[in-house]
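Asker: My questions all concern the structure below.
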Amino acid sequence: MPKNRPSSIDMLPEDIKEKLQELLRDPRVTQLEATARINAILDENGHDDRLSKSAVNRYAVKMDEVGKRLRQSREVAGMWINKLGAEPQGKVGHLLNEMVRTLAFEAVLDFSEGDGKASPKMIKDLATAIHRLERASSENVKREEEIRKKALADAADQVAKVAKRGGMSAATVQQIRTEILGIPQ
């Protein structure tokens, strides 16, 4: 089968494809039964095309592989999120950005090891994704800096209130506030 030709399963109407996926997820249904049921649905709906056992098998193997990779990525993400759970939210964002960068890099490597020909749409989509990722990363850095400044300002204000109530002079309170905020004198 040529590489660019969609599989018979890819050409199924979406509702019938979803039914096939449902049947393949059901451990009580064999691939042969799933094939027969989908072919019966196609027949009932007046479709001329039929699925072969091998097409259903290839699709099931592909979906199993996708499922394994998804479960693995969820486990890895869960492990890191649990590890970073007590850390500031920005750390998780940085980790996820780095994971997406790594995935994009691996996808490009995998692609280059294949036939090496990229469609203009694929290149555009990858460039757009990288641009958005970098913009999000930059926004995260700015947001973290704003949060840090706000936290320092709140801490400085709280210390100033306590210092005033404790009888410190206005000049001493101002000096403490300046030190906390890191304002050069």
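Asker: Among the residues of the range 29-42, is there at least one that is free of Cβ contacts under 8 Å to residues at least 40 places away in the same chain, closer than 23 Å to GLU65 by Cα and not in a helix (DSSP H, G or I)?
Answerer: Scanning the range 29-42, I find at least one residue that is free of Cβ contacts under 8 Å to residues at least 40 places away in the same chain, closer than 23 Å to GLU65 by Cα and not in a helix (DSSP H, G or I), so the answer is yes.
Asker: For ALA171, state whether it is modelled with pLDDT of 80 or more, aliphatic (A, V, I, L, M), surrounded by 11 or more Cβ atoms within 10 Å (Cβ to Cβ) and more than 30 Å from SER73 (Cα to Cα).
Answerer: Values: modelled with pLDDT of 80 or more: yes; aliphatic (A, V, I, L, M): yes; surrounded by 11 or more Cβ atoms within 10 Å (Cβ to Cβ): no; more than 30 Å from SER73 (Cα to Cα): yes.
The answer is no for ALA171.
Asker: A further question follows. Taking ILE147, is it under 19 Å from the mean Cα position of the chain (by Cα) and either under 28 Å from MET99 (Cβ atoms) or surrounded by 13 or more Cβ atoms within 10 Å (Cβ to Cβ) (or both)? Give the derivation first.
Answerer: Details: under 19 Å from the mean Cα position of the chain (by Cα): no; either under 28 Å from MET99 (Cβ atoms) or surrounded by 13 or more Cβ atoms within 10 Å (Cβ to Cβ) (or both): yes.
When the stated conditions are applied, ILE147 does not pass them.
Asker: Then there's this: Counting only residues that are at pLDDT below 80 and within 30 Å of ILE176 (Cα to Cα), which one in the range 112-143 is surrounded by the fewest Cβ atoms within 10 Å (Cβ to Cβ)?
Answerer: The extreme case among them is VAL141.
Asker: What number goes with the only condition from (1) of a type in the set (D, E, K, R); (2) surrounded by 12 or more Cβ atoms within 10 Å (Cβ to Cβ); (3) touching a Leu at 6+ places or on another chain (Cβ under 7 Å) that ASP49 does not pass?
Answerer: With respect to (1) of a type in the set (D, E, K, R); (2) surrounded by 12 or more Cβ atoms within 10 Å (Cβ to Cβ); (3) touching a Leu at 6+ places or on another chain (Cβ under 7 Å), ASP49 is out only on (2).
So that you can scan it fast, the table gives a plain yes or no per residue for (1) of a type in the set (S, T, N, Q); (2) at pLDDT below 70; (3) in contact with a His (Cβ under 8 Å, 6 or more places away or on another chain):
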{"residue": "MET1", "(1), (2), (3)": "no, yes, no"}
{"residue": "LYS19", "(1), (2), (3)": "no, no, no"}
{"residue": "GLU33", "(1), (2), (3)": "no, no, no"}
{"residue": "ASP48", "(1), (2), (3)": "no, no, no"}
{"residue": "ASN57", "(1), (2), (3)": "yes, no, no"}
{"residue": "ALA60", "(1), (2), (3)": "no, no, no"}
{"residue": "VAL76", "(1), (2), (3)": "no, no, no"}
{"residue": "LEU95", "(1), (2), (3)": "no, yes, no"}
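The values are calculated or read from the model by the stated rules, or taken from the named source; none is laboratory data. Please read these numbers as outputs of a predicted model, since none were measured by experiment. Because the Cβ atoms are built from the backbone with ideal geometry, glycine has one as well, and the counts that use them run over all protein chains shown.
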